[in-house]
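The block underneath contains the structure these notes are about, expressed in structure tokens.
The values are calculated or read from the model by the stated rules, or taken from the named source; none is laboratory data. Predicted model, so just to flag it, every value in this text is computed and none were measured. Note that each Cβ is placed from the backbone with ideal geometry, even for glycine, and that neighbours are counted across all protein chains shown.
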Amino acid sequence: MRTLAITALACLTLVLQSALWRYLPFELAAPDLWALFAVYLGLHAATEGGAPVAGLAALVIGLNQDVLAGAPTGLFGFSAVAIALVAALLSKHLLLRGRVAIGGTGMTASLLGACFVLGLLGAEGAELRPGLSLMAVIVVQAFMTALAAVPLFPLLRRVEARTSRQRARDLAREGLLR
Amino acid sequence: MTTVGRRIRDGVLSVVLLAFPALVFHANFKTQDSLNILDKVVLKIAAPLQAVVGWAVRGIGDTWKSYLFLVDVQGENQELRASNRELRAALAEKTRLAAHAAHLEKLLGLRRETPAETVAARVVGAKMSPYFRVTRLQLEDHTGTLRENLPVIAVAQGSGAPGAVVGLIHKVYSAAGRTFADVKLAVDPRSKIDVKVGVAGARGVLRGMQGETGYTCRLEYVDRADEVKVGDIVATSGIGGFFPPDLLIGKVSKVVRLDYALYQEVEVEPFIDFSKLDEVLIILAAPPPPDPDAADKLPAPPARGPVPAR
């Protein structure tokens with residue numbers, strides 16, 4: 001239920017982002033919200049279904065991002081699943097407390113997502129020119145993702161708390177749920 | 001299920017989950033232009049949602065922009081109105097000052113042309129009575145020589161005449177350190193000015209018309225045999241001692257010559273617009289009489305040098 005709610009919220013947020021972001025002045029450097037949702041699902045995988053459920057939810061989110069971004073289907077799907085699985089693997093060793101930790105996680109997720117995307121594109125033989133400008137965009141995008149993670153993660157915790165059982169709800173409220 | 005089994009299951013599922021999008025991507029990468037089923041499903045849901053969100057955002061944005069535009073326009077409008085008011089006031093003030101300067105220039109010209117000592121005075125009030133036509137003056141500078149029965153003249157606006165008779169000083173008094181004088185206007189019923197009319201020089205006495213709303217006067221004692229016609233210029237005759245001769249007063253506006261009467265009934269329209277009187281000149285002293293021997297007098301011989309033979 002939690003995962004479903006977060007997945008639905010992620011899809012809606014991505015649609016809203018694709019519709020609204022172009023009205024903002026920094027259109028090129030949009031935060032990788034899909035990566036944030038994927039990493040959050042991965043970090044909280046242990047409480048509901050484990051890594052496969054988180055991966056499946058991340059896959060839905062990634063495929064949604066593929067369509068919305070106009071990318072070849074599966075590009076962001078693969079990256080989202082990969083991020084979610086990596087996060088699920090590391091979840092037992094991570095405790096996100098404080099804005100810096102959340103922002104750093106968001107930035108890492110964005111950079112990781114960029115690596116997966118570029119890697120997949122490179123594996124398919126896509127002509128990539130990862131010059132300085134692309135690198136600059138990736139870095140700015142990671143920074144924007146870090147900024148977006150700071151309010152998004154507490155929001156997702158609240159959603160999670162509302163849709164969880166009492167014990168998980170308490171833990172989610174405390175921010176201890178992993 | 002044991003932990004190991006669960007781990008194996010999770011591992012397999014993770015690989016499947018990674019493999020699925022990778023394969024889909026591999027399959028779609030070369031044929032990106034065609035939409036697959038997943039694309040169609042997601043687009044069918046997302047596209048209308050995006051359109052609605054875009055429409056709402058555009059609507060809100062347009063409304064907000066319109067509001068801001070209107071706010072700007074309103075502010076700009078207020079500024080322009082205020083600026084316009086200030087400019088109009090400044091223009092009105094400049095126009096008034098220009099008219100005043102022109103009037104003063106004419107008054108100065110009249111003063112130069114008047115062969116008598118004069119002093120300027122400003123009209124500060126008029127006594128509101130249908131029976132008497134009196135204007136109150138305040139002197140620009142107190143000369144100390146002001147007295148009753150001094151003639152007052154002014155620039156005749158729009159009449160073509162340089163200056164014309166206003167009236168006679170009626171009362172002189174001081175108040176709050178200033179000198180004031182009441183002028184009995186030429187159109188006052190109590191005013192009597194000996195005048196001559198037209199080129200023929202018909203004589204008569206000018207009096208104000210009592211009870212009339214306008215500033216008009218009539219000529220009395222104009223012999224019915226004298227030739228007087230509408231448009232003739234009326235000027236002072238100099239008889240009576242108050243007014244110097246040949247000061248313009250007005251022009252004849254109506255002539256009625258009755259068969260049985262001794263005198264003609266003549267109405268005179270003054271050159272002065274008494275309702276707009278602003279500045280006047282008070283003639284303090286009459287010009288010196290012309291020297292009858294002036295033609296015979298020669299200039300004094302030079303103190304040095306040859307003296308011309310007579």
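Things to note:
- Among the residues of region A:18-37, the ones that are touching a residue at least 12 places away in the same chain (Cβ under 8 Å) and farther than 19 Å from residue A:158 by Cβ come to 9 in all.
- Among the residues making up region B:172-208, those that are within 27 Å of residue B:262 (Cα to Cα) and within 31 Å of the chain's Cα centre (by Cα) are B:186, B:187, B:188, B:208.
- Residue within region A:70-78 that is part of a helix (DSSP H, G or I) and without any contact (Cβ under 8 Å) to a residue 12 or more places away in the chain present: no
- If the condition is being farther than 30 Å from residue A:16 by Cβ and among the hydroxyl-bearing types (Ser, Thr, Tyr), then region B:55-85 contributes only B:83.
- Just one of (1) free of Cβ contacts under 8 Å to residues at least 40 places away in the same chain; (2) within 28 Å of residue B:51 (Cβ to Cβ); (3) more than 13 Å from the chain's Cα centre (by Cα) fails for residue A:59. It is (3).
- Top-ranked residue in region B:240-283 [being of a type in the set (Gly, Ala, Ser) and farther than 14 Å from residue B:206 by Cα; ranked as farthest from the chain's Cα centre (by Cα)]: B:261
- Note on region B:161-251: no enclosed strands (runs of 3 or more DSSP E) hold 3 or more residues that are basic (Lys, Arg).
- Hits in region A:1-44 - residues which are closer than 25 Å to residue A:136 by Cβ and out of contact with any helix residue (DSSP H, G or I) (no Cβ under 8 Å at 6 or more places or on another chain): A:21, A:22, A:24, A:25
- Number of the condition not met by residue A:2 [criteria: (1) modelled with pLDDT under 85; (2) surrounded by 19 or more Cβ atoms within 10 Å (Cβ to Cβ); (3) facing another protein chain (nearest Cβ under 9 Å)]: (3)
- Filtered residue count, region A:5-17, keeping only those that are of a type in the set (A, V, I, L, M) and touching a residue at least 12 places away in the same chain (Cβ under 8 Å): 6
- Given (1) facing chain A (nearest Cβ under 7 Å); (2) assigned to a helix (DSSP H, G or I); (3) at pLDDT below 75, index of the condition residue B:32 fails: (2)
- Matching residues, region A:68-95, being within 7 Å of chain B (Cβ to nearest Cβ) and farther than 18 Å from residue B:19 by Cα: A:68
- Set side by side, the residues A:143, A:153 differ, and just one is of a type outside the set (Val, Ile, Thr), at pLDDT 80 or above and surrounded by 19 or more Cβ atoms within 10 Å (Cβ to Cβ), which is A:153.
- Residue match in region A:38-47 (condition: under 19 Å from residue A:157 (Cβ atoms) and surrounded by fewer than 22 Cβ atoms within 10 Å (Cβ to Cβ)): yes
- Test result for residue A:138, within 13 Å of residue A:35 (Cβ to Cβ), β-branched (Val, Ile, Thr), within 14 Å of chain B (Cβ to nearest Cβ) and touching a residue at least 24 places away in the same chain (Cβ under 8 Å): no
- In summary, residue A:125 fulfils each of the numbered conditions (1) at the interface with chain B (Cβ under 9 Å from one of its Cβ atoms); (2) part of a helix (DSSP H, G or I); (3) surrounded by fewer than 21 Cβ atoms within 10 Å (Cβ to Cβ) with the single exception of condition (2).
- Residue tally, condition more than 9 Å from every other protein chain (Cβ to nearest Cβ), out of contact with any Gly (no Cβ under 7 Å at 6 or more places or on another chain), part of a loop (DSSP other than H, G, I, E, B) and modelled with pLDDT of 75 or more, over region A:12-67: 3
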